[in-house]
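The values are calculated or read from the model by the stated rules, or taken from the named source; none is laboratory data. Keep in mind it's a predicted model, so treat the numbers as computed, not measured. All Cβ positions, even for glycine, are placed from backbone atoms using ideal geometry, and neighbour counts span all protein chains on display. Heavy atoms of the whole protein, side chains included, go into the accessibility calculation; ligands, DNA and RNA do not. Shrake-Rupley method; radii C 1.70, N 1.55, O 1.52, S 1.80 Å.
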Amino acid sequence: MVMKTYAEAELAAQPIGYWTGAAYRAVVGRIRAELAVEQLTQPHWWILNHVAGAPGTWERNGLTGRLQRFDDQETDFAAVFDDLEGRGWVLRAADGSLTLSEAGEEGRLRARERNMRAHEEMHQGIAPQEYAATLTVLRRVIDNLGGDSDLP
């Protein structure tokens, strides 16, 4: 698909709220669709990746506290943990620390592969410098409005 071009002045006059919202819906919609193939939600995905990245370090309450800032769906994190434990994907030790089972890691890797393909598609035709510049602009907008512009 060929993207239509516009004059710089016309683009500069566009409402950023509309475009950031449209981008969010397209990107997050695609990611959520890919995760759904594995019967996962984004919170499932976040938990799996955090536990995989630091096995035995996280426990439910600490990880929930870390992830709630990213949640826009009023997620019941206890239910997500229960689901992952019920599948046998996340194991909870006697001290409450979490690790992934072999099945959990396999599921995480399948979902990761789908997400990587989606990210590759999203980045088509965008040079790394352009992508970094876009994020810098968005971070500046967030910072200008008093938000948290730090990387997650």
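Just a few scattered comments:
- Share of carbon and sulfur in the accessible heavy-atom surface of the chain [1.4 Å probe, %]: 56
- Mean separation of Cα contacts under 8 Å, 6 or more apart, over the residue count of the chain: relative contact order %: 22
- Were the residues from Asn61 through Leu138 laid out at 0.36 nm apart, the gain over their Cα-Cα distance would be 24.6 nm.
- In Hz, Karplus ³J(HN,Hα) per residue of region 135-142 (6.51, -1.76, 1.60; θ = phi - 60°; x = Gly, Pro): 5, 4, 5, 4, 5, 5, 4, 4
- Distant-in-sequence amide H partners of Val90 (H built 1.01 Å from N, under 5 Å): Glu85, Ser101
- Rounded FRET efficiency, nearest 0.05, which uses the C-beta distance separating His50 from Arg25 and R0 of 22 Å: 0.30
- Working note: 222 nm ellipticity from helices only, DSSP H runs with n ≥ 4, each -39,500 (n - 2.57), summed and divided by the residues of the chain, gives -20000 deg cm²/dmol to the nearest 500.
- Computed Kirkwood radius, in angstrom, where 1/r is averaged over Cα pairs of the chain: 17.7
- For the chain, size of Cβ-based charge dipole, Lys and Arg +1, Asp and Glu -1, in debye: 240
- Modelled spin labels at Ala127 and Ala36, positioned 7 Å past Cα toward Cβ, are 3.7 nm from each other.
- Total formal charge among the other residues, if their Cβ is under 11 angstrom from that of Leu35, Lys/Arg +1 and Asp/Glu -1: +4
- Karplus 3J(HN,Hα) series, Hz, for region 36-43 with 6.51 cos²θ - 1.76 cosθ + 1.60 (x for Gly, Pro): 4, 4, 9, 6, 10, 10, 4, x
- With a cut-off of 14 Å between beta carbons, the residues surrounding Arg60 carry a summed charge of -4, where Lys and Arg count +1 and Asp and Glu -1.
- Given their separation in residues at 0.36 nm each and the Cα-Cα distance between them, Glu8 and Asp148 gain 47.6 nm when the chain is fully extended.
- Residues in region 8-82 average 59 Å² of solvent-accessible surface per residue, probe 1.4 Å, ligands and nucleic acids excluded.
- For region 54-71, the Karplus equation 6.51 cos²θ - 1.76 cosθ + 1.60, evaluated at θ = phi - 60°, returns couplings of 8, x, x, 9, 8, 10, 3, 4, x, 6, 4, x, 5, 8, 4, 5, 8, 7 Hz by residue, with Gly and Pro reported as x.
- At an R0 of 25 angstrom, the distance between the Cβ atoms of Asp72 and Arg112 translates into a FRET efficiency of 0.70.
- For region 16-81, a simple Cβ point-charge model (Lys and Arg +1, Asp and Glu -1, everything else neutral) yields a dipole of about 180 debye relative to the Cα centre.
- Rounded to 10°, Cα long-axis angle of helix 77-87 versus longest principal axis of the chain: 60
- Summing charges over all other residues whose Cβ lies under 12 Å from the Cβ of His50, with Lys and Arg as +1 and Asp and Glu as -1, gives +2.
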